[in-house]
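The values are calculated or read from the model by the stated rules, or taken from the named source; none is laboratory data. Treat the numbers as computed from the prediction; the structure is a model and nothing was measured. Positions of Cβ are generated from backbone atoms using ideal geometry, with glycine treated the same way; all protein chains shown enter the neighbour counts. Heavy atoms of the whole protein, side chains included, go into the accessibility calculation; ligands, DNA and RNA do not. Shrake-Rupley method; radii C 1.70, N 1.55, O 1.52, S 1.80 Å.
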Amino acid sequence: MSTPTYTVAELTRRIGYALEDAFPDDVWVTGEISGLNRNARGGHVYFDLVEPNDEAGQPTAALVSVALFRMNKDVVNRTMKRAGFGMRIDNGVQVRIRGALTYNERSGRIQIRMTGIDPAFTLGRLA
């Protein structure tokens, strides 16, 4: 039997389906915010959620891209405000976020589409 050959589109589509099957619901992920970019025109926020390497001066141990779209950003901001979180999320802040895992077939990247935040975790880490 021959090993199948896929087109790039077929392969990336199958990767996307496999990711959806493995993670059909939102997931909670902890990490440190890095490379924060607030898109003023669209109101969206993009950043990487990283797991720093335990050894100083070494590259990040792991990284996943995060997109916080404007409508979800408003929900996250209200959640943080209700919890007494008096500052904006920023680079270097440890967070616990909720979101849907997505796979972008065009860029070949996995991304978390952020839908929520655990303010108690973030406030505890800041304390």
*How large, in percent, is the carbon and sulfur part of the accessible surface of the chain at a probe radius of 1.4 Å?*
49 percent
_From the helices alone, meaning DSSP H stretches of at least four residues, give me the mean residue ellipticity at 222 nm for the chain, per-run term -39500 (n - 2.57), in deg cm²/dmol to the nearest 500._
-9000 deg cm²/dmol
_Per-residue HN-Hα couplings for the stretch 53-63 [Karplus 6.51, -1.76, 1.60; θ = phi - 60°; Hz; x = Gly/Pro]_ = 6, 5, 8, 4, x, 8, x, 3, 6, 7, 8
*Mind ranking 26-33, 97-104, 2-9, 51-58 by how tightly packed they are, going by the mean number of other C-beta atoms within 10 angstrom, highest first?*
97-104, 26-33, 51-58, 2-9
*Which trypsin sites (Lys or Arg not before Pro) from the stretch 1-68 combine a DSSP loop assignment with at most 13 other Cβ atoms within 10 Å?*
41
*Among 120, 24, 61, flag the residue with its Cα farthest along the positive direction of the charge dipole of the chain, charges on Cβ as +1 for Lys/Arg and -1 for Asp/Glu.*
120
*Amide H partners (placed H, <5 Å) of residue 115, local residues excluded*: 98, 99, 100
*Angle between the chain longest axis and helix 8-22 axis [Cα atoms, degrees, rounded to 10]*: 50 degrees
*Rounding to the nearest 20 debye, state how big the charge dipole of the stretch 14-103 is about its Cα centre with +1 on each Lys and Arg Cβ and -1 on each Asp and Glu Cβ.*
700 debye
